[in-house]
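Shown next, in structure tokens, is the structure this report addresses.
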Amino acid sequence: MSSHKIIIAIDGYSSCGKSTLAKELGKKLGYNYIDSGAMYRAITLYFLRNHIDYTNPVAVLDAIANINLGFVFNEQLERSDIELNGEDVEPYIRDMIVSEKVSEVAAIREVRAFAVAQQKRMGRKKGIVMDGRDIGTTVFPDAELKIFMTADPDVRVMRRFQEMYATNPQITIDEVRHNLELRDYIDSTREESPLHRADDAILLDNSNLTKEEQLEIVLEWVKDRATNPRVTQ
Ligand code: DC
């Protein structure tokens, strides 16, 4: 049976390595990789820069009407950078000031409706790998392959610390741990599309896997799903 393009949905807690896996899959398969978290981060950056009172739904809707998000491929770094109203904001969206607010912003119904509508459009032609918190449950409930990633909390803290330390040597392990715990709590207890594992998602615990081992395992799953399509209603 010939293989065809599918949708790969990757969800999980913060700093489980979702983006790393998604990016490598995109490269290997020639699929478009979309970091949906970057969209919520760019919206948060806009709110912060423009002093938007995001506790006020009218202010949120007004602000959203002025936001345009897009992705451009950065040849040099081999990744898709997010653009906010035509500006490449990739260098700013992972700053602690954004990380501290992004879960609150991502919990706002109007913000999610805006981001999810755009994400759904991106998947129309399939051949896409998207990572986030609600991709297999809300954005692509019919995705051919859904993966729910998890890893030991200490492993996740160290991974995020190393990533952040490169650009911010002032950061402490405790700050990183606190931010991760808080975000996981808000992401999984919010009313709108909380983070949870879809019934048909495959669990991937990568605490003791190298990036290469993980990629090999998932490529087998992709091969299976791309050649044996599931019947969807
Ligand atoms: O993946 P990340 O850490 O860059 O995501 C940033 C925040 O955005 C995270 O706290 C949860 C939120 N998010 C979400 O609610 N839904 C998504 N699909 C992706 C991210």
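The values are calculated or read from the model by the stated rules, or taken from the named source; none is laboratory data. All values derive from a computational prediction rather than experimental measurement. With ideal geometry, Cβ positions are generated from the backbone for all residues, glycine too; neighbour counts draw on all protein chains shown. Heads up: the accessible areas ignore ligands, DNA and RNA and are worked out on the full protein's heavy atoms, side chains in. Shrake-Rupley method; radii C 1.70, N 1.55, O 1.52, S 1.80 Å.
The table that follows gives values for the structure above.
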| item | result |
| --- | --- |
| Conditions (1) in a helix (DSSP H, G or I); (2) within 16 Å of the ligand (Cβ to nearest atom): number failed by residue 93 | (1) |
| Enumeration of residues in segment 87-128 that are of a type in the set (Phe, Trp, Tyr) and over 21 Å from residue 55 (Cα atoms) | 92 |
| Unmet requirement for residue 98, which otherwise passes all of (1) more than 13 Å from the ligand (Cβ to nearest atom); (2) open to solvent by less than 30 Å² (accessible area, probe 1.4 Å); (3) in a helix (DSSP H, G or I) | (1) |
| Unmet criterion (only one of (1) closer than 30 Å to residue 29 by Cα; (2) among the basic types (Lys, Arg); (3) more than 12 Å from the ligand (Cβ to nearest atom)) for residue 177 | (1) |
| When residues of segment 128-150 are limited to those that are open to solvent by less than 10 Å² (accessible area, probe 1.4 Å) and assigned to a loop (DSSP other than H, G, I, E, B), the one nearest to residue 18 (Cα to Cα) | 134 |
| Residue check, residue 198 of a type in the set (A, V, I, L, M, F, W, C), crowded, with 16+ Cβ neighbours inside 10 Å, touching a residue at least 12 places away in the same chain (Cβ under 8 Å) and assigned to a loop (DSSP other than H, G, I, E, B) | yes |
| Selection from segment 108-126 of residues that are farther than 15 Å from residue 41 by Cβ and open to solvent by 10 Å² or more (accessible area, probe 1.4 Å) | 109, 110, 113, 116, 117, 120, 121, 122, 124, 125, 126 |
| Unique match (being in a strand (DSSP E or B), polar (S, T, N, Q) and open to solvent by less than 50 Å² (accessible area, probe 1.4 Å)) among 103, 80 | 80 |
| Any hit, segment 224-231, residues being free of Cβ contacts under 8 Å to residues at least 40 places away in the same chain and surrounded by 13 or more Cβ atoms within 10 Å (Cβ to Cβ) | no |
| Segment 181-192 residues that are closer than 16 Å to residue 11 by Cβ, paired with ones that are near the ligand (Cβ under 10 Å from one of its atoms) and hydroxyl-bearing (Ser, Thr, Tyr) (beta carbon under 7 Å, 6 or more apart) | 183/14; 183/103; 184/13; 184/14; 186/103; 187/103 |
| Of all residues making up segment 183-201, the number that are more than 17 Å from the chain's Cα centre (by Cα) and of a type outside the set (S, T, N, Q) | 3 |
| Condition check for residue 154: over 16 Å from residue 19 (Cβ atoms) and either of a type in the set (D, E, K, R) or within 16 Å of the ligand (Cβ to nearest atom) (or both) | yes |
| Given (1) under 18 Å from residue 14 (Cα atoms); (2) surrounded by 16 or more Cβ atoms within 10 Å (Cβ to Cβ), index of the condition residue 154 fails | (2) |
| Which numbered condition residue 22 misses (of (1) within 15 Å of the ligand (Cβ to nearest atom); (2) modelled with pLDDT under 95) | (2) |
